[in-house]
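This report concerns only the one structure given below.
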Amino acid sequence: MELIKIYALLDPITKEVKYIGQTRLTLNERLCNHVVSSFRAKLENQDQDFCYLAKSEKDKWIRELKYIRLKPIICLLATVREEDKLYWERFFMKVFEYKLINPEIIRRPKRFNDL
């Protein structure tokens, strides 16, 4: 049985939860992946403003933090079974919904409200 980590990315200044995700990786590996992927578009289009190239609000937020030499804080929320990962990810997204920049919050399925 494989276990999945449900994690939060916190703003290092305000300590607010900004993003909820799931991973099989270590938390440090996952955080590094978030930081690296937020800069991929910048490397491909270096002549444009870094904020406008962000693929998502999360990427824009991470770039803004890196600009001031900070990075998100990653925090383990739960370790769950593979078959339960979506339930628990959505559960925590609902708990922190008012602060999140996850795109899933905007386009969540109707059944999400049944949690």
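Points worth noting:
- Computed Rg/Rh of the stretch 2-44, alpha carbon atoms with Kirkwood Rh: 1.03
- Pairs beyond 20 Å (Cα-Cα), from Lys18/Lys94; Lys60/Lys85; Lys18/Lys71; Lys5/Lys60; Lys5/Lys66; Lys15/Lys85: Lys60/Lys85; Lys5/Lys60; Lys5/Lys66; Lys15/Lys85
- Here the peptides 90-96, 4-10 are ranked by packing, the mean other Cβ count within 10 Å, and the order with the highest first is 4-10, 90-96.
- Going by neighbour counts of Cβ atoms within 10 Å, the residues Ile73, Ile101 line up, fewest first, as Ile73, Ile101.
- Karplus-derived 3J(HN,Hα) values for the stretch 86-101, using 6.51 cos²θ - 1.76 cosθ + 1.60 with θ = phi - 60°, are 5, 4, 6, 4, 5, 4, 5, 5, 5, 4, 9, 3, 5, 10, 6, 10 Hz; glycine and proline are entered as x.
- Approximate spin-label separation Phe39-Glu97, in nm, with each point projected 7 Å along Cα-to-Cβ: 3.6 nm
- Spacing of the modelled spin labels on Ser56 and Ile13, each 7 Å from Cα toward Cβ, amounts to 2.2 nm.
- Rough spin-label spacing in nm, given labels placed 7 Å along Cα→Cβ, for Glu82 and Glu2: 0.5 nm
Since every read-out is calculated from the coordinates, none of them should be taken as a lab result. Everything numeric in this text was worked out from a predicted model, so none of it was measured. FYI the Cβ positions are ideal-geometry reconstructions off the backbone, even for glycines, and counts take in every protein chain you see.
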